[in-house]
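Below is one structure, written out as structure tokens; the observations come after it.
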Amino acid sequence: MSATTHDSHGHPRLAHHFFEMEQQHECAKLGMWLFLLTEILFFGGLFCFYFIWRIMDPELFVGASEMLNWKLGGLNTIVLIFSSFTVAMAIRSIQQNKRNACAIYLAITIACAFVFLVVKYFEYSAKIGHGTLPGTSFHDLHFLAEHPEVKNPHIFFSIYFCMTGLHGFHVICGIVYIAWLLYLTLKNRFDSEYYAPIEMGGLYWHLVDLIWIYLFPLLYLI
Amino acid sequence: MSSSNSTHDSHQPHITPMWVYFGVLGALLILTVVTVAVAQVDLGPLNLPVAMAVATVKAGLVALIFMHLVFDHKFYIYLLLASLVFLAVFVIFCLFDLTRRHEIRHEVAAPIHAEAEWYKELRIQAAGLDHGEDHGDSHGDLHGAKTNAHSEKHAPVQTPAAPQH
Amino acid sequence: MSAADSNTNYINHTKGIMSWLLTVDHKRIGLMYMIVVLSAFAAGGFFAVAIRLELFAPEMQIFPAAPTEGASWTYNKAFTLHGAIMVFLFIIPSIPAILGNFCLPIMLGTKDVAFPRLNLASWYIYMIGAAICLYAIFFGNSVDTGWTFYTPYSTSSSSSVTMMTFGVFVLGFSSILTGMNFVVTVHKMRAPGMGWFEMPLFVWGIYATALIQILATPVLAITLLLLIMETTFGIGIFDPANGGDPVLFQHFFWFYSHPAVYIMILPGMAVMSELIAVHSHRTIFGYKLIAYSSVAIAFLGFLVWGHHMFVSGQSEFISLLFSFITFLIGVPTAIKLFNWMTTMYLGQISWNTPMLYALCFMVTFTIGGLTGVFLGALGMDIPLHDTYFVVAHFHYVMMGGTVIAFLGGLHHWWPKIFGKMYSEFWGKIGFVFIFLGFNMTFFSQFILGQQGMPRRYADYAGFEKTQLFETYHQFSTVGSLILAVGFIIILIYLVHSLIAGKKAPANPWGGLSMEWATSSPPPAHNFLEDPVCKHGPYDYDKVRPEDI
């Protein structure tokens with residue numbers, strides 16, 4: 001603890017087992033990237049589910065995706081892309097010690113996330129209202145009447161609800177984490193030397209955006 | 001420690017110029033429009049690859065610029081690519097099995113092509129719906145279908161269990 | 001430099017239960033893992049003995065003959081719990097979480113892992129996962145699907161599959177977080193002067209393991225989540241009654257669980273490299289080859305999962321591919337074995353207990369590995385699939401490999417962990433029991449399987465060869481009891497050493513890696529002054545152990 005090498009880099013946020021801030025920052029970044037790796041493979045199982053059925057039974061996807069409103073999906077894409085931009089700007093601001101700008105950008109990000117969830121809520125409630133549900137609870141008779149050629153349509157909606165549900169869960173986690181970052185920013189915990197938590201939050205949020213970038217054409221636009 | 005210093009030796013982090021971020025935002029929005037526009041055109045078997053290609057360009061922009069992969073140590077790009085390689089192995093091997101499973105022995109574990117048993121009853125109900133209210137427009141009979149379906153909701157859920165064991 | 005003689009160390013520098021439960025010290029977390037993981041081992045061993053006693057004679061002995069209404073314990077539940085507990089609660093966390101947590105940061109010359117609080121969080125997540133599994137076992141309806149949870153039985157079984165899989169789902173996150181921590185520690189926390197090829201081979205092995213944990217475990221998580229969704233909502237992915245494909249579940253499951261086999265064995269190989277080099281007092285032969293072969297095994301391990309599914313009805317084309325890649329895995333494994341043997345050649349071997357375990361590993365693991373090549377061959381696998389041959393094979397690999405290496409590692413680092421020497425005499429006695437008991441238990445099962453005894457049968461009366469089966473089963477059961485006695489002997493003398501053992505010197509075996517340069521047990525932050533790496537971990541030709 002009292003080793004002499006530490007004194008020249010003393011920063012109140014430097015943990016005891018690191019030599020210097022840069023090492024701490026690099027550790028956090030590598031750790032976050034490894035976490036993102038696990039996230040990609042976690043969603044990967046669902047993408048595998050998707051591609052197998054898409055290739056085994058393309059009719060199912062052509063027919064069932066008509067039930068999704070691509071305008072709402074597109075709106076959500078734009079909202080998420082914009083929030084990705086704002087979170088990148090938040091990191092840029094804190095790198096230049098502009099705490100207020102950083103707080104504003106973080107707040108806009110959270111607002112965008114809420115807009116995303118509200119749109120998602122309307123989409124989900126429409127599905128639930130029509131009985132277009134995943135799995136054995138599927139009972140959308142209208143769909144069956146209009147698309148007699150589509151086999152097992154519940155599987156498409158299983159995929160839709162699993163993928164967007166897991167993605168939505170990540171959006172909620174992101175809101176909680178970014179709100180915490182916003183709180184800490186307002187309490188002046190970050191500066192241009194110590195902003196690793198904001199950068200990690202940013203990486204996470206970009207990943208959430210990345211996954212949606214794929215989900216949008218795969219689910220809505222077939 | 002030794003590997004991290006090679007790209008930039010100072011402690012100053014890379015600050016991306018403002019115009020780069022605005023440029024990427026603009027590009028992403030334009031590409032979103034392209035995604036939608038491309039989907040309106042039927043390219044046959046190319047539909048999926050083209051949609052994925054556009055999405056990948058967008059994802060690449062986000063990863064390279066917003067996530068700073070371009071400015072960081074190359075190791076992070078390798079990490080990201082490694083995860084995609086393993087994911088590809090997973091998906092491709094599974095697909096390889098499912099698409100070619102019954103080529104030698106047709107009777108063994110063929111991929112499921114049949115519709116689940118419990119659709120039979122739903123199909124009958126749907127057919128009845130079609131005949132009974134043929135003249136109404138689709139929004140008009142929506143309400144009736146919903147209530148109708150609700151009362152029948154539990155029946156189809158039970159059916160799959162029975163033939164299973 | 002010999003470590004300063006000081007009576008404060010990581011065990012006694014703070015006191016009280018909370019100083020342990022809230023600790024972020026990797027050494028204490030390693031010890032906490034040791035307590036719970038070894039308890040899980042005891043529980044799994046209890047079920048193993050129950051299974052062996054049931055199989056002592058052909059008819060039903062201790063479990064109810066038919067699953068009558070309300071019968072809480074059936075044979076199927078016993079072997080499921082044996083498998084699930086041993087795999088998810090014991091073997092996967094055993095070497096990485098106990099020995100890895102303790103040794104890895106010290107070997108790298110750093111004060112702690114990169115994320116100490118995350119390390120503690122992994123322990124708590126492990127405990128939560130274990131608690132959910134225990135709840136499913138004792139307050140739910142237990143599990144009778146086998147540890148693999150194959151569909152469609154798992155989606156229709158009346159046992160608590162959902163709860164149990166959720167427990168395993170949680171355990172997976174503990175494994176992922178530990179892996180992340182180790183990878184970052186290896187990349188960013190090495191002592192000044194320590195390059196990639198100055199790291200001990202134990203670190204290389206744990207590093208390769210951690211890579212698999214990060215890449216494979218998320219797929220297990222999503223698989224179990226989808227299984228839970230299938231059971232609850234009938235989403236139609238795995239259950240044929242809902243339009244799903246049950247073989248797809250096996251793909252999903254083995255995409256994790258085959259690499260998980262390497263999560264289990266790579267740390268064993270990592271321990272082996274240390275044991276062989278230190279107790280032969282000789283520079284390890286082919287350092288880079290051993291290091292790279294760990295990574296090669298980790299990578300190839302992802303491409304072979306289909307060899308578990310040769311008779312499941314998967315495409316014959318992909319079976320061919322999987323079979324071919326399975327043979328390839330033999331190459332890096334053999335590279336390691338030959339390098340270890342060459343290291344021993346002309347070395348000055350000390351016949352300490354850890355070295356005995358190392359030799360045992362080389363025998364039993366080779367048998368396990370070679371029988372794995374039999375099973376990887378498409379034609380051979382058809383008659384041997386789901387017989388006791390498979391059971392014997394994976395016990396030779398998992399137990400003859402990982403558990404033996406774990407015992408060797410435990411004896412090797414015991415003086416470092418607790419600062420006490422165990423009785424070398426009783427160590428050797430315990431080893432003899434383990435070696436004899438293990439081989440009696442499982443070698444007979446190769447013959448059983450080759451003769452056609454199917455696995456997972458509780459009652460083998462009425463076969464043409466029942467009498468033959470009975471003989472080998474009795475042999476196996478007696479062996480398992482000897483094995484159990486061996487474990488009890490080890491437990492007794494290790495605990496005894498804590499109370500009355502001699503004080504351990506800093507470097508009892510004459511090792512050169514950094515953990516031997518600090519006192520036994522190490523001080524709270526591992527080293528009294530920040531260490532600098534001045535020589536390789538196996539430079540026996542350049543450095544004397546007294547001088548480190």
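The values are calculated or read from the model by the stated rules, or taken from the named source; none is laboratory data. Just so we're clear, the structure is a prediction, and the values are computed from it rather than from any experiment. FYI the Cβ positions are ideal-geometry reconstructions off the backbone, even for glycines, and counts take in every protein chain you see.
Test A:Ala90 against the criterion of being buried (at least 21 other Cβ atoms within 10 Å of the Cβ) and either of a type in the set (Val, Ile, Thr) or more than 30 Å from B:Arg100 (Cβ to Cβ) (or both), and give yes or no. Yes: the conditions hold for A:Ala90. Taking the conditions (1) farther than 27 Å from A:Trp212 by Cα; (2) at pLDDT 50 or above in turn, B:Ala59 satisfies each one other than (1).
Just one of the listed residues (C:Ile235, C:Ile214) is without any contact (Cβ under 8 Å) to a residue 12 or more places away in the chain and at the interface with chain A (Cβ under 8 Å from one of its Cβ atoms), namely C:Ile235.
The residues listed here are C:Ser519, C:Ser497; of these, the one that is among the polar types (S, T, N, Q) and part of a helix (DSSP H, G or I) is C:Ser497.
Filtering segment C:494-507 to residues that are surrounded by 18 or more Cβ atoms within 10 Å (Cβ to Cβ) and within 26 Å of the chain's Cα centre (by Cα) leaves C:Leu494, C:Ser497. Of all the residues in segment C:31-62, those that are outside any helix (DSSP H, G or I) and crowded, with 20+ Cβ neighbours inside 10 Å number 1. Is there a residue being farther than 30 Å from C:Ser294 by Cβ, in a helix (DSSP H, G or I), within 11 Å of another protein chain (Cβ to nearest Cβ) and over 22 Å from the mean Cα position of the chain (by Cα) anywhere in segment C:191-204? Checked segment C:191-204: no residue is farther than 30 Å from C:Ser294 by Cβ, in a helix (DSSP H, G or I), within 11 Å of another protein chain (Cβ to nearest Cβ) and over 22 Å from the mean Cα position of the chain (by Cα).
Table: residues versus (1) touching a residue at least 60 places away in the same chain (Cβ under 8 Å); (2) among the aliphatic types (A, V, I, L, M); (3) buried (at least 24 other Cβ atoms within 10 Å of the Cβ).
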{"position": "C:Ser157", "(1), (2), (3)": "no, no, no"}
{"position": "C:Ser160", "(1), (2), (3)": "no, no, no"}
{"position": "C:Ser175", "(1), (2), (3)": "yes, no, yes"}
{"position": "C:Gly179", "(1), (2), (3)": "yes, no, yes"}
{"position": "C:Arg190", "(1), (2), (3)": "yes, no, no"}
{"position": "C:Met194", "(1), (2), (3)": "yes, yes, yes"}
{"position": "C:Phe202", "(1), (2), (3)": "yes, no, yes"}
{"position": "C:Gly205", "(1), (2), (3)": "yes, no, yes"}
{"position": "C:Ala208", "(1), (2), (3)": "yes, yes, yes"}
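The residue list C:Val331, C:Val295, C:Val363 contains one member that is β-branched (Val, Ile, Thr) and touching a Ser or Thr at 6+ places or on another chain (Cβ under 9 Å), which is C:Val331. If I filter segment B:93-109 for residues that are within 13 Å of chain C (Cβ to nearest Cβ) and among the polar types (S, T, N, Q), do I get at least one hit? Yes, there is a match, as at least one residue in segment B:93-109 is within 13 Å of chain C (Cβ to nearest Cβ) and among the polar types (S, T, N, Q). Can you report the number of residues in segment A:46-63 which are in contact with a Pro (Cβ under 8 Å, 6 or more places away or on another chain) and buried (at least 21 other Cβ atoms within 10 Å of the Cβ)? Qualifying residue count, segment A:46-63: 1. Annotation for segment A:185-194: no member residue is part of a helix (DSSP H, G or I), surrounded by fewer than 20 Cβ atoms within 10 Å (Cβ to Cβ), without any contact (Cβ under 8 Å) to a residue 60 or more places away in the chain and of a type in the set (A, V, I, L, M, F, W, C). Of the helices (runs of 4 or more DSSP H) lying entirely inside segment A:1-109, those containing at least 1 residues that are within 30 Å of C:Val24 (Cβ to Cβ) are A:21-56, A:70-95. What is the number of the single condition among (1) of a type outside the set (Gly, Ala, Ser); (2) touching a helix residue (DSSP H, G or I) at 6+ places or on another chain (Cβ under 9 Å); (3) in the same structural domain as B:His14 (by TED's automatic domain parsing) that B:Pro49 does not meet? Among (1) of a type outside the set (Gly, Ala, Ser); (2) touching a helix residue (DSSP H, G or I) at 6+ places or on another chain (Cβ under 9 Å); (3) in the same structural domain as B:His14 (by TED's automatic domain parsing), the lone unmet condition for B:Pro49 is (2).
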